[in-house]
Amino acid sequence: MANIRSFRDLIVWQKSMDATMEVFELSKKWPPEERFSLTDQIRRSSRSVPANISEAWRKRRYPAAWVSKLNDAEGESAETQTHLEIARRCTYITETDRARLDSLYEEILAMLVTMIDQPEKWAIR
């Protein structure tokens, strides 16, 4: 943990922000009839990932709260992966885009699981 002073310094937060912005850009092209369903849901779930990570950062004084917020981020990541698969099956995105983002979310999930499994490493002493 090299000189991390803010949640913005966390690689997992940076990657989740990148993924969120990619989801946002892709979903701009989806049909208008999806605006209040799939578009809204995938944007919310993707945005929740970095939001929960930043909230967890501020709660790292309490290991249970840290783990809980990171678990929320983990769940939102998986939800976003499902929405990406739905978008692909509806032909709103290509398999290439889905696979690239799915791979990015797998990286994010792996980092989250590592952080969840080692709360003492992140705790404020």
Restricting segment 1-29 to residues that are under 14 Å from the mean Cα position of the chain (by Cα) and among the β-branched types (V, I, T), the residue that is surrounded by the fewest Cβ atoms within 10 Å (Cβ to Cβ):
I11
Enumeration of residues in segment 44-71 that are in contact (Cβ under 8 Å) with a residue 24 or more places away in the chain, assigned to a helix (DSSP H, G or I) and either in contact with a His (Cβ under 8 Å, 6 or more places away or on another chain) or not hydrophobic (A, V, I, L, M, F, W, C) (or both)
S45, S46, R47, S48, P50, N52, S54, R58, P63, N71
Give me a count of the residues in segment 72-106 that are part of a helix (DSSP H, G or I), free of Cβ contacts under 8 Å to residues at least 60 places away in the same chain and of a type in the set (S, T, N, Q).
4
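Farther than 18 Å from V113 by Cβ and not small (G, A, S): which single residue out of T80, T20 fits that description?
The unique qualifying residue is T20.
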Please identify the pairs in which a residue from segment 1-23 that is among the acidic types (D, E) and at pLDDT 95 or above has its Cβ atom under 7 Å from the Cβ atom of a residue that is crowded, with 18+ Cβ neighbours inside 10 Å and assigned to a helix (DSSP H, G or I), counting only partners at least 6 apart or on another chain.
E22/L101
Enumeration of residues in segment 107-119 that are without any contact (Cβ under 8 Å) to a residue 24 or more places away in the chain and either within 12 Å of E74 (Cβ to Cβ) or assigned to a helix (DSSP H, G or I) (or both):
A110, T114, D117
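The values are calculated or read from the model by the stated rules, or taken from the named source; none is laboratory data. In this text the structure is predicted, and so the values were computed from the model without any measurement. Because the Cβ atoms are built from the backbone with ideal geometry, glycine has one as well, and the counts that use them run over all protein chains shown.
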